Amino acid sequence: MASSPDDGSAPWTSTRIAALNAQLEPHGPRAILNWATHTFGDDLVQGTGFGPSGIVIMHMLADLRPGTTVFYLDTDLLFPETYELCEELDETLDVSITRVHGGLSLDEQAEQEGGALWNRAPNRCCFLRKVKPLKNFLADRRAWITGVRRDQSERRADTDILSWEEQYGVFKINPLANWTQKEVWKYLFEHDLPYNPKHDQGYPSLGCV
């Protein structure tokens, strides 16, 4: 298994990150998460939109490091089913689910930027409601876990297990990088974990309404 950093206060060199990726690659997500929890401790958080991959990771973290902070970006535009699932997971899994919000209500955003910004300028809307709050939340963290997998798209086919995210100033860890969608759902069903009913209605992923 990969070693821990010598000095956690600064990013590692690209050579070191490449070496760690090589060491982590043969291991499954549970072993990767175990390494991450021991390496980054309380400075490690998971980000999720409560999709299947995120729920798998939450379940593993609840066992490996109970109380781990799991955050979600509340844009005020999530599906009602997403909020309901969040409450259910908060009650059943031993993790600390944290709401991250930009502080700007939809009405306030409409006053400043005009109505229905998500239709007129979706990138601007995403910046205000997702990118900016995410950057603020990660400012005092060292590592961020996501549910990104290589099989999700061609763009993600070369996803590393570990990378340095300069935009946010944290390490990004993708423990399910080499898992498939089939493996994710198999895990969910084997552990009788809840999931968003929207998936049964044909929604492959869930973001804003």
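Just so it is clear, none of the values below were taken in a lab; they were calculated from the coordinates. Treat the numbers as computed from the prediction; the structure is a model and nothing was measured. Glycine gets a Cβ as well: all are built from the backbone with ideal geometry, and neighbour counts include every protein chain shown.
The antiparallel fraction among DSSP beta bridges confined to the chain stands at about 25%. Under 17 Å of direct C-alpha separation, and excluding same-chain neighbours fewer than eight residues apart, residue 198 reaches these aspartates and glutamates: 81, 84, 87, 88. Of 50, 79, the sequence from fewest to most neighbouring Cβ atoms within 10 angstrom is 79, 50. Each listed q (0.09 Å⁻¹) maps to a log10 I(q)/I(0) for the chain, found by the Debye formula over equal Cα scatterers with no solvent: -0.36. With just the Cα atoms defining each centre, how far is the range 44-110 from the range 113-131? Give it in Å. Cα centroid of the range 44-110 versus Cα centroid of the range 113-131: 21 Å apart.
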